[in-house]
Structure formats: C-alpha cells, structure tokens
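Presented below is the structure to which this report refers.
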Amino acid sequence: MVQAGYVRQVMAGVYDYLPLGLMVLNKISNIVREEMNNIGGQEVLMPVLHPASLWKQTGGWDKIDVLFKMKSRIGKDYALAQSNEETVTPLAKEWIHTVKDLPLAIYHINWKFRDELRSKSGILRGREFLMKDLYSWHKNQQDFEIFYQKAKQAYLKIFKRMGLKAKATEASGGGFTEKLSYEFEVLTDAGEARILYCDSCDYCVNVDDIKTYQEGDLCPRCKKDKLQPAKAAEVGNVFDLGQKYTKAFDFYVVNEQGEKIYPIMGCYGLGTTRLMGVIVEKCNDEKGIIWPEQIAPFQVYLINIPGSGVDGKAKKIYDELMEKGIEVFWDDRKDVSVGEKFSDADLIGLPWRVIVSSKTGDKLEVKKRTEEKAELMDLESFLKLLQ
C-alpha cells in the first residue's frame, strides 16, 4: 500500500491516507453507512476528546490500559476516545425517557486512539484508526437479541460487498463486558487471532478466550465436521453491554407498569482502516493489489501509448467514460515507459486496464485485473461489460 501510493507511515501505528487511500476509505465507509442505515441506525458525530470525568464515572479511567490520557494547561484531565460509550450514553439519555422511545440505535464513523504497546502490523493494528461504532438501547434482553441478529446479518452483508467472507466468532468481552461477545474474523495469515472453525457450518470460536474446545473436536453446532485451527484478523465485533453503562450514568426509563428500568445496551464496532488492510492481505497477487470493484478508488486504469492521434483519442475515451459515471484513472505520463505504466496499473490494482494506441485503431485493449489475457473491443461493448 505504501509502494502503490495509498498510505504513508508517520510513525508506528499512525498513517497518512493519500488520495487513493482516502478514496478507498470513503467507499468502505459509505458501504458501512448504507447497511447501518438499513437496520435503523441514525448517524451522528461524536468527539474524540473526552473529559476525564466521564471515564471516571464508568471506571474506565483506571481500568483501561490502552486509554490515552492528557492534562491541559489549566490542569484538567482528558482522554482520547478509544471507544465512545462514555459520550454516547449521556447523549442517548437526553432523548430516551420511556420504553416508547426504545429501541434506539445511533452510530458514527470517527477516529479512535489506543496506546498499543506494539504496533507492527501496519494499519491492521494502529494507535490511531478509523472505526464505525453503533450503539443500541433496548427494553429487555429479548429485544437486544432481535436487534443483534439484524446487526449480524448487516455485518455479513458489508463484508460480502467488499469481497470478504467473515465468520462470527465467540469470544470474551474483554474490558467492555463480562458477557460473551462476538468477533467477525476473516481468515488470513496476517491476522493475530487464533481461531477454531468448522467447514460444514459457520461455527467459529476464539481459542485465546474460550478453552472449552480443542483442534479436532467435533463441531458443537452441526456435529458434522471437526474443528480446524486458523489465523484470522478481526474486522468487527459485537458486545452485549447489559446495564453497565446505563447504570453508571443513572440512565433509566419508565416501563408500561410505571417502573424504572435500566435499558440493555449493545455496542457494534467495525474497523474501517483495519478492513482496508485486511482486504489488501486477501486480495492480491505477486504483481500488486486486486481491489474488489465496490471499493476500488477508480474502476478503470486508462493508458495511452504514444502515437499519432492517440492523445486525442484517449481524451475522448476518458470523457465518455466519465460522462457515463465510470471512475477513470488516466495515466498520461510522458516521462515513463509503457512497461512502467503496466506495472503501476497492476500494483495499484484497479478492476480494469484499458489501453489506447495507434495499433488498436477504433478498438480498446481491455484487460480485467484478475485475468491474464486482454481483449479488443469497442467502447460500447466495454460499457456494457461494466454495466
């Protein structure tokens, strides 16, 4: 990603996202946004700078070791957001007063900060990273479970749209909750998680948290296959927070019987920058990146080979594709060889490469990034192919 011009490392765990990288991030975020909206999530934007008082109220100030803490010039303590339970709970408290106001789900896509002891896996484990976190509140556990299933299916759809297959993995709640949580893991040797999974169904478990099962054990869900070990990268998670945060902020509602109850709260995280890194780890070959079409920064890598009238022809092709809503990266550099352009096209990894030259006449030389052979076709045929 560095070589292809997507990111630049500032220091371990902190990156600049260059124009191509930001385009990919924005497309990932937009897919996430669409699916969160589809299950009733309402988007907000919360701050990354929090007063220490909120974290002290929940106990996180002293218990969460990755929390970045700072002191202002006037002696006040602040935290940088490693998550947003401490700001979103008081926010929801202002709007939820009775069970008629439930359920409610709100989310945002914003930067998070975690004081990682080591950050050696590029954007897979950053000290600063972009994340979507959705929070929901429910009148009882049953209502939470119903919404969790909707969120789970939305997550699986998000990953599928990005060319990934993720497994919902049972894990501990870590520092968020004592209850069982779920992580969404993508099998990859670049991952840090160790899991056991079943090939015959979608059962999966994190072996670092749950010692009940071992490699070779019969799958407890389908009873058809043995559990196999694998390395995986976590790309999302779901926590059943129970009443931990609603009680901490004395956030209660009045139910149908006039009784005060504390809503059940859920948290649904998805690492957008980490997701970008996982996609690159899964979608590549010896030549470079192979972006899934829905998140590629451009759809077409256009190359014009020097020759009589080629520049004008390339400009016309570029304009027509853009008018049709096709995103085109036009490599019109004069000071590099054609071979270098071909190598850069493969490295950057756009779905389609189109060559315009004097030899192709009125045709275009079209090659899909995932295929070896190119094909000559006219512009109209190429547009139909894209559609």
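The values are calculated or read from the model by the stated rules, or taken from the named source; none is laboratory data. Given the structure is predicted, the values throughout are model-derived calculations rather than measurements. Neighbour counts are summed over all protein chains in view; Cβ atoms, including those assigned to glycine, are modelled from backbone coordinates with ideal geometry.
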Over the range 128-139, the set of residues of a type in the set (A, V, I, L, M, F, W, C) and in a loop (DSSP other than H, G, I, E, B) is none
Taking the range 34-51 and keeping only residues that are in contact with a strand residue (DSSP E or B) (Cβ under 9 Å, 6 or more places away or on another chain) and assigned to a helix (DSSP H, G or I), one is left with MET36, ASN37
Being closer than 20 Å to THR87 by Cβ and at pLDDT 90 or above narrows GLY242, GLY216 down to just GLY242
Checked ASP209, ASP199 against criteria (of a type in the set (D, E, K, R), modelled with pLDDT under 85 and either buried (at least 18 other Cβ atoms within 10 Å of the Cβ) or in a loop (DSSP other than H, G, I, E, B) (or both)); the one match is ASP209
Per the filter on the range 133-153, residues buried (at least 22 other Cβ atoms within 10 Å of the Cβ), of a type outside the set (Phe, Trp, Tyr) and out of contact with any Phe, Trp or Tyr (no Cβ under 6 Å at 6 or more places or on another chain) are ASP133
Scanning the range 361-387 for residues that are surrounded by 18 or more Cβ atoms within 10 Å (Cβ to Cβ) and of a type in the set (Val, Ile, Thr) gives VAL366
Among residues of the range 151-194 being assigned to a loop (DSSP other than H, G, I, E, B), among the aliphatic types (A, V, I, L, M) and modelled with pLDDT under 90, the residue nearest to SER83 (Cα to Cα) is LEU180
When (1) farther than 25 Å from ARG125 by Cα; (2) touching a residue at least 60 places away in the same chain (Cβ under 8 Å); (3) charged (D, E, K, R) are applied to LYS63, the one that fails is (1)
For strands (runs of 3 or more DSSP E) lying entirely in the range 279-387, having 3 or more residues that are over 30 Å from MET1 (Cβ atoms) and modelled with pLDDT of 95 or more picks out none
Checking ILE264, ILE289, ILE303 in turn, the sole residue that is under 24 Å from the mean Cα position of the chain (by Cα), crowded, with 19+ Cβ neighbours inside 10 Å and in contact (Cβ under 8 Å) with a residue 24 or more places away in the chain turns out to be ILE289
